[in-house]
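K.L.:
Can you read through this structure? Questions will come right after.
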Amino acid sequence: MPMLSKNSPITFQAKLPEEVDVVIIGAGIIGISTAWFLMKDGLSVLVCEKGRVGGEQSTRNWGWVRQMGRDEAELPIIAESLNIWDSIAGEIGEDIGFTRKGLLFLAENEKDQKDFEEWMEIAKRHQLDTRILSAAELGKKLNYTEHRWKGAMYTPSDGRSEPSIAVPAIARAAQRAGIRIIENCAVRTTETQAGVVSGVITELGTVRANAVVCAGGAWSSAFLANLGVTFPQLLVKGTVVRTSAVSEGYAGGAGSYKFSFRRRQDGGYTLSLGNYLDHSLCADSFRYFTDFLPALKMTWSGTRLRCDDGLLKRLFPTRRWEGDEVTPFEQTRVLNPTPNLRVVRKIQQLMASNLPILAKAQIEETWAGIIDAPPDFVPVMDEIPNYKNLFLASGFSGHGFGIGPGAGKVMATLVQGKQIDFDLSRFRFSRFSDGSPLILGPAL
Ligand SMILES: Cc1cc2nc3c(=O)[nH]c(=O)nc-3n(C[C@H](O)[C@H](O)[C@H](O)COP(=O)(O)OP(=O)(O)OC[C@H]3O[C@@H](n4cnc5c(N)ncnc54)[C@H](O)[C@@H]3O)c2cc1C
């Protein structure tokens, strides 16, 4: 299925209500999942999407649904998320390609193996089925005679889903259940009454609400900056390739920092160059330079800095606007970056040597997606301090798809002020400003 763009037909329309219980900004996996769980609790919900449902990260990702290698604080939430993935297709009555076929982290060298051994301690603490595979065991699993990798870390209960199918399908079910979802409906700003957030101003009009959840992915920082709230967030581009169908092959996902592959429901593979990412220089590169310095050191070998087209515009972006002005959200309906052709060529060169079954496969589609990340690579799930009733669920870095349904459930609980079973202190908004030391999570 080709990637969504601003020219893709609008499929979600509704009349803008005057008032709802909760407005969600953004129809990615996080926004749609939050809406889904609020609806189940009986609340009226409006989801405003500036472009197309799932048009940005949530349909462009690799489709890994993984526990393995995560920040420890995320593990209880991904466990919940996996349970939701297991049951949601039955609940919505549409196949979304979810299956638990296992995921592999491949060791290119001894350092990777050592890192895997260290992460096994976390796996044991959380009773995961993760285990270390020798090079020979891995070769057997991949039907591979050569020992291309030193070994692997393997989690059989991890899964994969089809991003381009899953989010629109859940959104359709949400719509059938009464949630209003409106595409081409940018939220420009919030409204407040006596210092409390009381609704939103969209490009189509104003809506009153008891709570607003910003699930704007790569746009959350800009949305909050207009309100005078600083949310450090940087954007990197990942390039992805889809191959034609091949007969039999490893049915799960596998990857190292050099190359990654994931079996698709259509019989092809989704491929990428591990952690190779492009960052286009922009005003935020300089604004948040010191916040991101530790993260940059950690990801330096995989990140390329770019001075590409539109640099001037990116260096001087519009940061402030009023509710009656056209905003950057309307000017870029769908973030649809150009894939890095060097990456595509490199993937083509590496395909057959990394997974011999791909020797006969053709590249059928290429695309890119923009990943949003805060300086420590773990998301924010919190109410914004001093902005009562405004919640943020953003910064899921390279791993928000799998945890999305679980995170949506967490957000729905938070918004209603109900008791939460998870420790969310790691995901608090104030960590960027309360003087606490930055604790880096696993890189993108
Ligand atoms: C190449 C790539 C590979 C990845 N691989 C994986 C993977 O294998 N597994 C995994 O778990 N994660 C992966 N990720 C990360 C994952 O895709 C993201 O973390 C997740 O999709 C984030 O979801 P989201 O809903 O926060 O953001 P998005 O999906 O980006 O959705 C945000 C939405 O908000 C809308 N919006 C923003 N501002 C406004 C506004 N003011 N008004 C109205 N609408 C607005 C946007 O248009 C957008 O549709 C990958 C990401 C990429 C790009």
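The values are calculated or read from the model by the stated rules, or taken from the named source; none is laboratory data. For clarity, every value in this text was computed on a predicted model and none was experimentally measured. Cβ sites come from the backbone with ideal geometry, for glycine too, and all protein chains shown count toward neighbours.
K.L.:
Is it true that some residue in region 282-293 is within 12 Å of the ligand (Cβ to nearest atom) and either surrounded by fewer than 16 Cβ atoms within 10 Å (Cβ to Cβ) or not charged (D, E, K, R) (or both)?
P.N.:
Among the residues of region 282-293, not one is within 12 Å of the ligand (Cβ to nearest atom) and either surrounded by fewer than 16 Cβ atoms within 10 Å (Cβ to Cβ) or not charged (D, E, K, R) (or both), which makes the answer no.
K.L.:
I'd like the full set of residues that are closer than 15 Å to LEU75 by Cβ and modelled with pLDDT of 95 or more, limited to region 410-422.
P.N.:
Hit for region 410-422 is VAL410, nothing else.
K.L.:
Filter region 193-204 down to residues that are in a strand (DSSP E or B) and touching a residue at least 12 places away in the same chain (Cβ under 8 Å) and give me whichever is surrounded by the most Cβ atoms within 10 Å (Cβ to Cβ).
P.N.:
Restricting to residues being in a strand (DSSP E or B) and touching a residue at least 12 places away in the same chain (Cβ under 8 Å), the top hit is VAL200.
K.L.:
A follow-up question, please. I'd like the residue in region 180-202 that is more than 22 Å from the chain's Cα centre (by Cα) and farther than 23 Å from THR318 by Cβ and, out of all such residues, is farthest from the ligand (Cβ to nearest atom).
P.N.:
The selected residue is ALA194.
K.L.:
Could you tell me whether any residue of region 267-274 is more than 14 Å from the ligand (Cβ to nearest atom) and modelled with pLDDT of 95 or more?
P.N.:
For region 267-274, residues more than 14 Å from the ligand (Cβ to nearest atom) and modelled with pLDDT of 95 or more: present.
K.L.:
Which of the numbered conditions does THR366 fail, given that it passes all the others? Conditions: (1) within 14 Å of the ligand (Cβ to nearest atom); (2) under 16 Å from SER220 (Cα atoms); (3) more than 17 Å from the chain's Cα centre (by Cα).
P.N.:
(2)
K.L.:
Please go through region 232-245 and pick out each residue that is in contact with a helix residue (DSSP H, G or I) (Cβ under 6 Å, 6 or more places away or on another chain) and modelled with pLDDT under 95.
P.N.:
Selection gives PRO232, GLN233, LEU234, LEU235.
K.L.:
Further question: Of these, GLU74, GLU18, GLU49, which one is more than 14 Å from the ligand (Cβ to nearest atom), in contact (Cβ under 8 Å) with a residue 60 or more places away in the chain and acidic (Asp, Glu)?
P.N.:
When all the criteria are applied, what remains is GLU18.
K.L.:
For region 143-164, which residues satisfy the criterion of being assigned to a loop (DSSP other than H, G, I, E, B) and more than 16 Å from the ligand (Cβ to nearest atom)?
P.N.:
Result: ASN143, TYR144, THR145, GLU146, HIS147, ARG148, TRP149, LYS150, PRO156.
K.L.:
Something else: Does VAL167 satisfy the condition of being within 20 Å of the chain's Cα centre (by Cα) and either more than 12 Å from the ligand (Cβ to nearest atom) or outside any strand (DSSP E or B) (or both)?
P.N.:
yes
K.L.:
May I ask you to verify whether LEU128 is crowded, with 19+ Cβ neighbours inside 10 Å, touching a His at 6+ places or on another chain (Cβ under 9 Å) and over 29 Å from HIS279 (Cβ atoms)?
P.N.:
Here the answer is no, as LEU128 does not meet what is asked.
K.L.:
Which fully enclosed helices (runs of 4 or more DSSP H) of region 43-142 have 2 or more residues being among the hydroxyl-bearing types (Ser, Thr, Tyr)?
P.N.:
Here the list reads 57-60, 75-92.
K.L.:
Okay, next question. Kindly indicate whether any position in region 224-232 is within 11 Å of the ligand (Cβ to nearest atom) and in contact with a strand residue (DSSP E or B) (Cβ under 9 Å, 6 or more places away or on another chain).
P.N.:
Yes: region 224-232 contains one or more residues that are within 11 Å of the ligand (Cβ to nearest atom) and in contact with a strand residue (DSSP E or B) (Cβ under 9 Å, 6 or more places away or on another chain).
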